[in-house]
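Taking it in order: structure first as structure tokens, then the write-up.
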Amino acid sequence: MNKIIIAIDGYSSTGKSTVARQLADYLNYIYVDSGAMYRAVALFALQNNYLSKNHFDKQSLLMSLPAIKIEFKKEAKNNRADIFLNDKNVEKEIRTMHVSDFVSPIATLSEVRKKLVSIQHKMGIEKGIVMDGRDIGTVVFPDAELKIFMNANTQVRALRRYNELIEKGQNVSFDEILKNVEKRDLLDTTRIDSPLVKATDAIEVDNSETNREDQFHIILQLAKDRIAKRI
Ligand code: CDP
């Protein structure tokens with residue numbers, strides 16, 4: 001059976017990774033969370049004190065870029081690919097509010113994008129991949145057979161992220177999450193390099209009022225139609 005590329009883009013906390021995972025599991029495709037890669041670079045910058053609230057040593061970060069190794073590896077315990085930064089599993093660390101606060105400025109840097117997009121291209125060479133992010137259907141895989149653009153109203157998105165982090169035991173407030181989501185949406189849509197924008201051939205899905213299962217079945221049907229066209 002011919003495999004396709006599924007690109008899922010959209011605003012923060014729209015449930016991209018949930019549906020991307022569901023699709024990848026069902027189709028036996030590889031799932032790649034491209035946001036995790038930007039988060040890993042932000043974590044690297046924070047760990048090396050290149051980045052803080054009032055200071056950004058962009059030059060040092062750019063000079064260190066060749067030494068940043070980012071990989072996805074399956075851990076036996078959950079059979080899911082976790083992200084590794086220079087051989088260390090950072091899956092948990094990259095999901096904190098601290099990293100969320102710094103990731104979008106890092107994602108504006110063309111040098112960073114160039115490096116990560118090149119890794120992402122290699123992952124898609126054999127197709128059979130579901131990748132989510134902000135520029136997957138526009139920049140990374142402009143020829144993807146299926147492109148989805150996800151949206152939901154801001155309050156719903158912030159509440160989803162709040163519940164997710166509280167469940168993980170993080171100490172966060174709804175207000176700080178709402179502010180973070182709004183700030184990242186603004187930076188992601190207005191940056192010069194690869195801004196978040198709906199690809200002209202993407203199908204828009206607003207899931208403010210759709211549950212996970214219904215949404216999955218709608219998108220799965222779209223994927224099945226595209227796969228059938230390639231057989
Ligand atoms: O999960 P959430 O929606 O909060 O965001 P994410 O997918 O983990 O992405 C974190 C940040 O990385 C985004 O806010 C973007 O600034 C950046 N990003 C990007 O620029 N391009 C991508 N393909 C993926 C993420």
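The values are calculated or read from the model by the stated rules, or taken from the named source; none is laboratory data. These figures come from a predicted structure and were not determined experimentally. So basically every Cβ, Gly included, is an ideal-geometry build from the backbone, and we count neighbours across all protein chains shown.
Below are the figures for this structure:
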quantity	calculated
The listed residue being more than 22 Å from LYS122 (Cα to Cα) and in contact with a strand residue (DSSP E or B) (Cβ under 8 Å, 6 or more places away or on another chain), out of PHE44, PHE72, PHE56	PHE44
Residue that is nearest to the chain's Cα centre (by Cα), among those in the range 114-130 that are buried (at least 16 other Cβ atoms within 10 Å of the Cβ) and over 25 Å from LEU62 (Cα atoms)	VAL130
Entirely in the range 1-109, the helices (runs of 4 or more DSSP H) that have 2 or more residues that are buried (at least 22 other Cβ atoms within 10 Å of the Cβ), within 18 Å of the chain's Cα centre (by Cα) and at negative phi	16-27, 34-47, 97-107
Residue check, PHE216 of a type in the set (Phe, Trp, Tyr) and either without any contact (Cβ under 8 Å) to a residue 24 or more places away in the chain or surrounded by 20 or more Cβ atoms within 10 Å (Cβ to Cβ) (or both)	no
Every pair of residues 6+ apart whose Cβ atoms lie under 7 Å, when the first sits in the range 182-196 and is within 23 Å of PRO142 (Cβ to Cβ) and at pLDDT 95 or above while the second is basic (Lys, Arg) and near the ligand (Cβ under 8 Å from one of its atoms)	ASP188/ARG134; ASP193/ARG113; SER194/ARG113; LEU196/ARG134
Among residues of the range 185-200, those that are loosely packed, with under 12 Cβ neighbours inside 10 Å and away from the ligand (no atom under 13 Å from the Cβ), counted	1
Conditions (1) near the ligand (Cβ under 10 Å from one of its atoms); (2) free of Cβ contacts under 8 Å to residues at least 12 places away in the same chain; number of the one not met by MET37	(2)
Qualifying residue in the range 106-120 (condition: away from the ligand (no atom under 11 Å from the Cβ), at pLDDT 95 or above and either within 16 Å of ASP9 (Cα to Cα) or of a type in the set (A, V, I, L, M, F, W, C) (or both))	yes
